[in-house]
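The values are calculated or read from the model by the stated rules, or taken from the named source; none is laboratory data. Note that the coordinates shown come from a computational prediction; the quantities given were computed from them, not determined experimentally. Reconstructed Cβ throughout: ideal geometry from the backbone, glycine too, with neighbour counts over all protein chains shown.
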Amino acid sequence: MANKKVLILGAKGMLGQELVQAFSRDGEYTVTAWDVDDVDVTDFVVAEKKIRILSPDSIINAIAYNAVDRCEESDEEYRKAMVLNAEVPGFLAHLAKKTDRIFVHYSTDYVFDGTNESGYAEDAEPRPLSCYGESKWAGEKNILAEAGRSYIIRLSKLFGKPAMSAIAKKSFFDMMLMIAKTKESVQAVDDEKSCFTYAPDLAEATKALIEDEAPYGVYHLPNSGSATWYEALQELYTQAEIGATIQSVGSDVFPRSAKRPHCSVLLNTKRPILRRYQEALKEYLAHME
Ligand SMILES: NC(=O)c1ccc[n+]([C@@H]2O[C@H](COP(=O)([O-])OP(=O)(O)OC[C@H]3O[C@@H](n4cnc5c(N)ncnc54)[C@H](OP(=O)(O)O)[C@@H]3O)[C@@H](O)[C@H]2O)c1
């Protein structure tokens with residue numbers, strides 16, 4: 001497979017930058033990495049023109065609107081979420097279909113309502129609880145309606161090297177490491193369970209999906225091992241040798257605008273299982289030293 005062209009959109013994001021690394025590593029791909037300063041993909045006319053000129057074999061969309069609570073709070077924010085999370089992937093899937101290219105897009109465990117304690121397989125019926133979840137599910141439906149050569153990969157709770165933008169959302173682990181510098185005692189929610197996803201692992205799993213020519217469709221590719229925020233924080237502070245006390249609390253202690261699923265564990269029934277999040281976390285912390 002000599003020098004296939006890959007276009008990565010949202011290339012300065014937490015996942016985007018790891019996709020650039022993964023596809024650049026062995027020189028088998030010509031990688032084009034674009035973020036909003038290269039092309040604002042919401043301008044469909046300009047974006048289509050640039051993408052057609054580049055003519056990539058695969059378009060990987062790591063662009064996101066991920067302000068989960070803000071999205072609930074105003075019509076303007078909800079509109080932004082719908083544009084970035086639903087209309088943009090629909091436009092890209094349509095363009096990929098017209099030009100017979102592979103399209104990869106990422107979605108979330110927040111498309112599920114979280115009532116299934118045994119977790120959600122790829123074909124489980126989404127029923128989002130929040131505006132953010134609705135916008136991501138709308139994006140999935142727009143892509144599926146094209147019935148092109150598309151992969152929709154769901155993940156949850158991404159962590160890894162922070163995105164390059166100053167306004168980027170911090171991962172849970174980065175936020176809790178920062179908090180530990182000033183607090184001796186923290187509270188963590190123990191009634192929301194899901195999986196964590198290490199950005200470099202997901203980037204490699206995405207590359208493998210394309211290279212294996214896996215059937216197009218929906219995939220769940222988080223790291224293995226589910227945890228509540230409380231359990232994950234215990235793991236973090238143990239590994240990082242932080243002595244702060246952690247108090248387990250219910251989600252009612254932290255009222256937030258967007259309703260979260262109670263249990264949104266993503267089951268990966270189609271692809272090789274990714275390593276446990278605890279191992280990935282160990283690697284992430286080692287890289288920070
Ligand atoms: N983070 C999580 O915990 C999580 C959980 C589940 C699913 N996901 C999904 O995983 C994927 C990657 O998320 P992420 O956390 O890596 O996102 P991220 O760090 O926020 O990166 C998104 C990138 O897209 C850029 N972007 C925004 N608007 C754009 C536009 N109009 N045109 C071009 N680029 C634009 C952003 O630039 P600016 O920052 O300058 O706006 C940013 O560099 C998304 O589909 C997300 O929904 C993430």
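Restricting attention to region 226-243, the residues that are in a loop (DSSP other than H, G, I, E, B) and at pLDDT 95 or above total 3. May I ask you to say which residue of SER165, SER194 is surrounded by 21 or more Cβ atoms within 10 Å (Cβ to Cβ), within 16 Å of the ligand (Cβ to nearest atom) and touching a residue at least 12 places away in the same chain (Cβ under 8 Å)? Result: SER194 is the single residue among SER165, SER194 that is surrounded by 21 or more Cβ atoms within 10 Å (Cβ to Cβ), within 16 Å of the ligand (Cβ to nearest atom) and touching a residue at least 12 places away in the same chain (Cβ under 8 Å). Select from region 259-271 the residues that are of a type in the set (A, V, I, L, M, F, W, C) and in contact with a Lys or Arg (Cβ under 9 Å, 6 or more places away or on another chain) and write down the one among them that is nearest to ILE210 (Cα to Cα). Of everything passing the filter in region 259-271, LEU266 is nearest to ILE210 (Cα to Cα). When each of VAL104, VAL111, VAL83 is tested for being closer than 30 Å to PRO255 by Cβ and either surrounded by 19 or more Cβ atoms within 10 Å (Cβ to Cβ) or among the charged types (D, E, K, R) (or both), the lone residue that passes is VAL111. Do the conditions hold for ILE143, that is, is it near the ligand (Cβ under 10 Å from one of its atoms) and either exposed (fewer than 15 other Cβ atoms within 10 Å of the Cβ) or within 17 Å of the chain's Cα centre (by Cα) (or both)? Against the criterion (near the ligand (Cβ under 10 Å from one of its atoms) and either exposed (fewer than 15 other Cβ atoms within 10 Å of the Cβ) or within 17 Å of the chain's Cα centre (by Cα) (or both)), ILE143 does not qualify. Pairs are defined by a Cβ separation below 8 Å, a sequence spacing of at least 6 or placement on different chains, a first member in region 175-187 that is touching a residue at least 60 places away in the same chain (Cβ under 8 Å), and a second member that is aromatic (Phe, Trp, Tyr); the pairs so defined are MET176/TYR237; ALA180/TYR237; GLN187/PHE254.
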